[in-house]
Amino acid sequence: MDAAAQAGGPARTGHESGPVAGPADEPGAGPAEGPAVGPVVGPHADPAVGPATGPARGPRQSGAARADGAHSGGVFFGRQRELKALVADIERAGLDTIAGRKAPRARVLLIAGRPGSGRSALAQQLALRLGDRYPDGILHVRLSEPDGRPVPMDQAARGLLDRLRIASPPGAGDDELTEMVREALAVRRVLLLVDDATDAEQVDLLLPQNPDCLVVAVSQGPLTGIPDVRPCTLGGMDAKAAIELLTTFTGSVRITVDPQAAEAIAEECGGQPAALVLVGGWLAARPNASVADAAKRLRTLPDDPGRPAGARPLTRAFRLVYESLPQSAARTLRLLALAPAGRADAHTASALAGCSVSAAQETLDRFAGLGLLRRAGASFEVPGALAPLLRALMESTDRPAEVQLARARMLERTVRRLQACRAITEPEGSPARRKLAALPRALRFTSAWAAGEWLRTSRPELLAAARLVVDDGELDTLARRLIAALVRALAAHWGTEAAAPELYGLHQLVLDVAERRGLHREQAAALLNLADLDAQTGRTTDALARYRAALDAGRAANDPYATGRAMESVGGAYQELGDWQRAADWYGRALAQRQARGERADEARLYGRLGTAHTYAGRYGEALRSWRAAVAGYRKVGDLPSQARALSEAARVQEYAGRPEECLRTCQDAVDLARRAGDGRLQAALQLRLADTLDRLGDPAAARLHRIAAERMLGTEDSTYEIRGSSLEG
């Protein structure tokens, strides 16, 4: 059995419950928000800010330190007029207030500008300035991927719910999730920063129905359709602020020597922060070059007539830096266009470029110094303004076969890291730990905690990698292996319940590949997994449809386990819907298959499920026969606790049928079996049921003795262990 089949296919446990992909427990806190959603802690998305440690840096400092500060720091350059105007807008009365009505929704401020104009940095600076007015915090959600594609709305909504510590049901649709977000924000006073919105509909779906909230939206153009939007359109920075930003890279001496050249650079860059950062990075890497040299080179670079006039300054600045790179570094930079979610660490870059991890780390550090990347923890992020330029270069320069090979290397590295991430959760000396020890040191994790942290922080990139490789359709074998490894790692570190939203999406990806490739067995497994999650979240009708589809796929694959599991699950779905006759019919079909295969433990369990269906339907004679067959089956396999539970259920049916004396004897036999099995808690539960039966037979003294014995076994004088009206099956 291949790895993908194991992750997407049934785990042959013989039980009807639980996900097919495999068991796990959650040692930590579960999923955390990814880069698409998060708190605002400083200017982040567009490089319009300066270093955190001071304004001017001397020429002897490293370019990496300067560029990192220019992307992530605490000094905000320029835009003071726009910032004051935005703050003032909040104080102005809206259209509803002017009309004498209470505003039904949050106010929306729009910051519009091209990528690289500093629009996101301005939005975050505004959010930081206003943070004290919103006691329930600042939420940040990004609605576009670095390559410009819209972020799936369910992903954006789940990220916001994670930040609000609200569990989101697996498999929920966009409407349900966005409604949950709006309901949560309706009772909170928050500032919602919506970054990289592509259209008004995206923003409208998340807009709080609460005038005490504020939405700051960032977009390239107007958000037509949202009433009373206050727009602020960004052009270039003023010359003074632009030169201040440039000074953080060059130091003051080079600017003072030739202030006119600095003004020329600001003009050539159109005052765009992203372009200024690139030119600054180029100068920082060349301490002997003058500012006039950079200005001259910028002027000689041709315009790209295929790009809008407003985007050409950034294109020229990018070409200035890109054309200065060695050939190998330029190739690595182009291939970073393949990085999932626009983020790459040294392992990703190493796999893409086919070099060592240490060499990749040095290259990434150099790119950050040149302003080509932003640091994001242990990873690096491709600025959204540069992502289209990298992709265009890759598509025009690199052969498709080379690009596909680089993508395959990256995915294979990711699979191996996920395998190591899961293996470290296994006990010492286990086969998985022995395999882990054989991996190169760079791929291993020092502890389960370190592996869990990597999984948490890398979750968005990992999920994006799975989506992208499935959408690509050319590397389906790798896609199956990647999803298999990711499912196991998530389950091992978070547990299947906490990871259910992620697992739902991954099972859907498995289904997409299986249907495309005609892999019926994996199709059946994915459908079973999805149906189980649907059933757990109350979507029983959806679950029933998927169980039936899984049955068809299992038959096409000639997989007896999948077909038996599907038939039993169809019966369970009908039972949940209260259709006892159909439930019993499907349990009977599954039972016949188990009997034909000689699977005695499953046969006994299915007799119990039949007994439950007949009991609820009021067919007590058939129910009693089924429970007695279950008792006999468990006796044959030597399962005393299950035998005791089945006998107790038989006693319950006898009580319902009006045969109290038989019920009493059967219940006493069940208690004796539980005692022989050494299961004290089960014995106590059965004694409580026996006490209830004795009460109904008019023997309260004997009932009290059994209750006291049960309470002592449960370790409390006031037992809260309740079994009346419930099933002890399984």
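The values are calculated or read from the model by the stated rules, or taken from the named source; none is laboratory data. The shown structure was predicted, so the numbers you read here are calculated from the model rather than taken from an experiment. A quick note on method: Cβ atoms are made from the backbone with ideal geometry, for glycine too, and the neighbour counts reach across all protein chains shown. To get the accessible areas, we keep the full protein, side chains included, count just its heavy atoms, and leave off ligands, DNA and RNA. Shrake-Rupley method; radii C 1.70, N 1.55, O 1.52, S 1.80 Å.
Could you please state how large a percent of the accessible area of the chain is carbon and sulfur, counting protein chains only and using a 1.4 Å probe? Show your work: numbers first, answer last.
On the way: 15210 of 30730 Å².
C and S fraction of accessible area: 49 percent.
Calculate, for the range 378-513, the solvent-accessible area per residue in square angstrom, rolling a 1.4 angstrom probe over the heavy atoms of the protein chains.
Working: 5620 Å² over 136 residues.
Per residue, the range 378-513 has 41 Å² of solvent-accessible surface.
What residues from the range 183-217 fall in the zone where the backbone N is under 11 Å from a label point 7 Å along the Cα-to-C-beta line of D136?
Inside the label zone: 183-192, 208-214.
How far is helix 239-250 tilted off the main Cα axis of the chain, in degrees rounded to 10, range 0 to 90?
Orientation of helix 239-250: about 80 degrees from the principal axis.
If the viscosity is 0.692 mPa s and the temperature 37 °C, what translational diffusion coefficient in µm²/s does Stokes-Einstein give for the range 543-651 when Rh comes from Kirkwood over Cα pairs?
Numbers: Rh = 13.9 Å.
Stokes-Einstein gives a translational diffusion coefficient of 236 µm²/s.
Hey, what did the range 377-484 get for relative contact order, percent, Cα under 8 Å, at least 6 apart? List each step's numbers first, then the result.
Working: 49 pairs, mean separation 27.2, N = 108.
Averaging sequence separation for qualifying contacts and normalising by length gives 25 percent for the range 377-484.
Just to verify a number: FRET efficiency for D585 and D147, C-beta to C-beta distance, R0 = 56 Å, to 0.05? Mind dumping the intermediate values first?
On the way: r = 51 Å, r/R0 = 0.92.
FRET efficiency, D585 to D147: 0.65.
What angle, in degrees between 0 and 90 and rounded to the nearest 10, separates the Cα long axis of helix 63-72 from the longest principal axis of the Cα atoms of the chain?
60 degrees
Which label belongs to the value computed from this structure, given these candidates for Kirkwood radius over Cα pairs in Å: (i) 29.4; (ii) 28.4; (iii) 37.2?
(i)
How much length is gained on full extension from E402 to K84, taking 0.36 nm per residue of separation minus their Cα-Cα distance? List each step's numbers first, then the result.
Details: separation 318, 0.36 × 318 = 114.48 nm, distance 5.02 nm.
That pair, E402 and K84, stretches by 109.5 nm at full extension.
Taking a ≥ b ≥ c as the square roots of the Cα gyration tensor eigenvalues, with a/c under 1.5 meaning rounded and otherwise prolate when a/b beats b/c, else oblate, which class fits the range 86-196? If you can, show how the numbers build up before the last one.
Numbers: a/c = 1.79, a/b = 1.20, b/c = 1.49.
It is oblate, given that a/c is not under 1.5 and a/b is not larger than b/c.
Rounded to the nearest 20 Debye, what is the dipole magnitude of the range 351-423 about its Cα centre when Lys and Arg each give +1 and Asp and Glu each give -1 at the C-beta? Walk me through the intermediate numbers first.
Working: 11 positive and 7 negative charges, 60 e Å.
Dipole about the Cα centre, nearest 20: 280 debye.
Would you mind pulling out the separation of the Cα centroids of the range 508-536 and the range 284-359, in Å?
About 42 Å separates the Cα centre of the range 508-536 from the one of the range 284-359.
Rounding to the nearest 10 and keeping the result within 0 to 90°, find how far the Cα-based axis of helix 153-163 lies from the longest principal axis of the chain.
Compared with the principal axis, the helix lies near 80 degrees.
Treating only the Cβ atoms of Lys and Arg (+1) and Asp and Glu (-1) as charged, compute the dipole magnitude of the range 635-717 about its Cα centre; round to the nearest 20 debye.
Value, rounded to 20: 220 debye.
With runs of 4+ DSSP H residues as the only contributors, calculate the mean residue ellipticity of the chain at 222 nm using -39,500 (n - 2.57) per run, divided by the residue total and rounded to the nearest 500.
-19500 deg cm²/dmol
Over all directions, the average projected area of the alpha-carbon convex hull for the range 333-412 comes to how many nm²? Could you put the intermediate results ahead of the total?
Details: hull surface 19.1 nm².
The orientation-averaged projected area of the Cα hull of the range 333-412 comes to 4.8 nm².
K435: which aspartates and glutamates have alpha carbons under 19 Å from its alpha carbon, excluding same-chain residues fewer than 8 sequence positions away?
Within the straight-line cut-off, K435 pairs with D2, E412, E426.
Packing-wise, with mean Cβ within 10 Å as the measure, how do 150-158, 527-535 rank, highest first? Please list the in-between numbers first.
Values: 150-158: 21.7, 527-535: 26.6.
Averaged packing, sorted descending, gives the order 527-535, 150-158.
Taking the highest mean first, how do the peptides 385-396, 265-276 order by number of other beta carbon atoms within 10 angstrom per residue?
265-276, 385-396
For the range 157-257, divide the Cα radius of gyration by the Kirkwood radius and give the resulting Rg/Rh value with two decimals. Kindly include the intermediate steps, with their values, before the conclusion.
Values: Rg = 19.5 Å, Rh = 16.5 Å.
For the range 157-257, the value is 1.18.
T541 to L301: FRET efficiency via 1/(1 + (r/R0)^6), r the Cβ-Cβ distance, R0 56 Å, to the nearest 0.05? List each step's numbers first, then the result.
On the way: r = 62 Å, r/R0 = 1.10.
That gives a FRET efficiency of 0.35.
Taking the Cα centre of the chain as the origin and placing charges on Cβ (Lys, Arg +1; Asp, Glu -1), which of L386, L110, A617 is farthest toward the positive end of the dipole?
Ranked along the dipole, the leading option is L386.
Would you please put 312-323, 444-455, 633-644 in order of how densely packed they are, using the mean number of other Cβ atoms within 10 angstrom per residue and starting with the highest? It would help to have the intermediate numbers written out before the result.
Values: 312-323: 21.5, 444-455: 17.2, 633-644: 19.2.
With the highest mean Cβ count within 10 Å placed first, the list reads 312-323, 633-644, 444-455.
In whole Å, what is the distance between the alpha-carbon centres of the range 481-502 and the range 407-456?
Here the answer is 14 Å between Cα centres.
Report the paramagnetic label zone for A378: residues of the range 451-476 whose backbone N is under 16 Å from a point 7 Å from Cα along the Cα-to-Cβ axis.
Counting backbone N atoms under 16 Å from the label point, the list is 451-462.
Say R0 is 30 Å: what FRET efficiency, to the nearest 0.05, do D293 and Q327 get from their beta-carbon distance?
Details: r = 23 Å, r/R0 = 0.75.
The value I calculate is 0.85.
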